[in-house]
Amino acid sequence: MIRPVLHTLHWLAVVAVSFVAFAFVASATAGVVLVEKGQPKAVIVLASDASEQAREAAKLLQDYLARISGARLEIRDETATSTGPQILIGHSKRAIELGVDVPPRFTHQMNEEEYVIKTVGNTLILAGNENPFYRGTVYAVDDLLDRLGCRWFFPGAFGEVLPRLDTIEIGSLNVHERPDFRFRNIWYSGWMPVQGNDAAEFAVWMDRNRMNSLKGISLPGDGTITRLAPAEKYFASHPNIYAMNKNGERVKDMLCLTEPEAVKIAAETIKQEFRSHPEMSTFGFAPPDGYPECFCARCQAANPNFSGKGLGRPSLSEVWFRFANAVAAEVGKEFPDRWLLSNGYANRARPPEGIGPLAPNLGIQSAMLDSCTFHPIGDPKCWQRQIYKTVLDRWTKDLRCVFIYDYDPAKALDGLPFPMLHNLQSDFRYFKSRGVWGFWTEGQNCWMVTHLNYYIRSRLMWNAHADVRALVRDYCEKFYGKAARPVEN
């Protein structure tokens, strides 16, 4: 796809203004000159034992500075002598000497993600948490490039907007960034075709916009309950732990939720996983998609059949969460710092009413399929969004780990353009206020329908109080050029 000439010409004009503003800010302080009149003035410095992520970040910065200025900065080892301006990437002895140290710490709370951008004299430091779960140093580079005017509005070359800067001088900076949400993910569902190059470009877009793919987290995907008691191991010898269908037959894809032996086997399976993989923070499990249940007499008797407007069929929450809670409590005796993640979806969307306190190591992925998307959460004019607020308030009151599974576009709007910007700002601030951990958003590979939603989501996932109106204006001005105001309006 070829970017419109209008867009290109406008951006060249905007660059002149952007450069003047940036240079003015820099000239008011002792700046670090990276590029001057198209010539490299600084070097990029890595520790001798730099991590793979730090080396990736250094190459990323080198490539983008060359693209926007024409100057390719040299990458050097910190043992090499250098007296001019330097850009220190990642953890290094020199950064520590200058008072900047971001330890590579990680706990099973998964809340240590951070990075710094700091100038000290003629040195610029870009460093972050590089634990395998985090991308702190890469995100520090992404942030700096964003400050220079680089944008990645949607995947691929057409969605990338870069300035042209003849001189790059960084003024005084002391930035320390941590995200508002731990989990920041959008994934391509199976509703639209996704080719290999689509997935690769999407991964780059996610990285440039400081999102994460939840890599390393065991999530409660549909049908993952089979992990608790694999049928090939237990079905023949322990048929009693499997659910019964309406015909009285045991099935392999669902467990009997009131069978004590099912709890025992499930808990032991999870404990064995944590013993074998001490780096694991979570274990996710959930029933099959749809409205699963066990039709044995004991399970049916245990279900009070709660229903309710906007919450689908009679609820399975009492039976399901009694089972999940029992498993979590047993696992917590040996692994109190690990998380068991289940989902509040379909016939389990509402919180349970009568099972007592929930285990402190139980987390919930809340998915309200039947919920309006035209109004913000809690809107007094919309009964569905009032119910949503009630449900989320309960989950976040009863559990320490709650994250959101939502849909963009909403399920009733598949394939239709529907900007949700007027709701996203309000909703994300509400999620932040309730301590929500983040998002696993089901998206689609239909960017010309959804891309502005996704771009704004990426910004709000990092900073729930970002100014959506300003973000939209920036997008329109940088991408649509002279057509910005008509498009924005």
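The values are calculated or read from the model by the stated rules, or taken from the named source; none is laboratory data. Remember, it's a predicted structure, so these values are computed and weren't measured experimentally. So basically every Cβ, Gly included, is an ideal-geometry build from the backbone, and we count neighbours across all protein chains shown. Areas reflect the complete protein model, heavy atoms only, side chains present, ligands, DNA and RNA absent. Shrake-Rupley method; radii C 1.70, N 1.55, O 1.52, S 1.80 Å.
Could you tell me which numbered condition Lys93 fails, if it satisfies all but one of (1) of a type in the set (Lys, Arg); (2) touching a strand residue (DSSP E or B) at 6+ places or on another chain (Cβ under 7 Å); (3) surrounded by fewer than 18 Cβ atoms within 10 Å (Cβ to Cβ)?
In the conditions (1) of a type in the set (Lys, Arg); (2) touching a strand residue (DSSP E or B) at 6+ places or on another chain (Cβ under 7 Å); (3) surrounded by fewer than 18 Cβ atoms within 10 Å (Cβ to Cβ), Lys93 misses (2) alone.
Identify, from the list Phe153, Phe158, the residue that is open to solvent by less than 10 Å² (accessible area, probe 1.4 Å), aromatic (Phe, Trp, Tyr) and either in contact (Cβ under 8 Å) with a residue 24 or more places away in the chain or touching a Gly at 6+ places or on another chain (Cβ under 7 Å) (or both). Step through it out loud before you land on a result.
Values: Phe158 fails: open to solvent by less than 10 Å² (accessible area, probe 1.4 Å).
Being open to solvent by less than 10 Å² (accessible area, probe 1.4 Å), aromatic (Phe, Trp, Tyr) and either in contact (Cβ under 8 Å) with a residue 24 or more places away in the chain or touching a Gly at 6+ places or on another chain (Cβ under 7 Å) (or both) holds for just one of Phe153, Phe158, which is Phe153.
For the stretch 134-230, please list each of the strands (runs of 3 or more DSSP E) lying entirely inside it that holds at least 3 residues being over 20 Å from the mean Cα position of the chain (by Cα) and either closer than 19 Å to Ala58 by Cα or among the small types (Gly, Ala, Ser) (or both). Lay out the reasoning, then the answer.
Details: elements: 168-170, 174-177, 183-188.
Per the criteria, 168-170.
For the stretch 193-215, enumerate the residues that are open to solvent by 70 Å² or more (accessible area, probe 1.4 Å) and either on the phi > 0 side of the Ramachandran plot or modelled with pLDDT under 95 (or both).
Taking the stretch 193-215 first, the residues open to solvent by 70 Å² or more (accessible area, probe 1.4 Å) are 193, 195, 197, 201, 204, 213, 215.
The answer is Pro193, Gln195, Asn197, Ser213, Lys215.
Kindly indicate the residue of the stretch 218-264 that is open to solvent by less than 20 Å² (accessible area, probe 1.4 Å) and among the β-branched types (Val, Ile, Thr) and also nearest to Cys294 (Cα to Cα) among those meeting that condition.
Ile241
Kindly provide the set of residues from the stretch 365-377 that are buried (at least 17 other Cβ atoms within 10 Å of the Cβ), of a type outside the set (Val, Ile, Thr) and either free of Cβ contacts under 8 Å to residues at least 40 places away in the same chain or over 11 Å from Arg348 (Cβ atoms) (or both), ordered by number.
Ser366, Ala367, Met368, Ser371, Cys372, His375, Pro376
Would you confirm whether any residue within the stretch 378-389 is among the aliphatic types (A, V, I, L, M) and at pLDDT below 95? Step through it out loud before you land on a result.
So in the stretch 378-389, the residues among the aliphatic types (A, V, I, L, M) come out as 387.
Narrowing the set further to residues that are at pLDDT below 95 leaves 387.
Within the stretch 378-389 (the criterion being among the aliphatic types (A, V, I, L, M) and at pLDDT below 95), the answer is yes, since at least one residue qualifies.
In this structure, does Ala267 turn out to be in a loop (DSSP other than H, G, I, E, B), open to solvent by less than 20 Å² (accessible area, probe 1.4 Å) and either closer than 19 Å to Asn343 by Cβ or free of Cβ contacts under 8 Å to residues at least 12 places away in the same chain (or both)?
No; evaluated as a whole, the condition is false for this residue.
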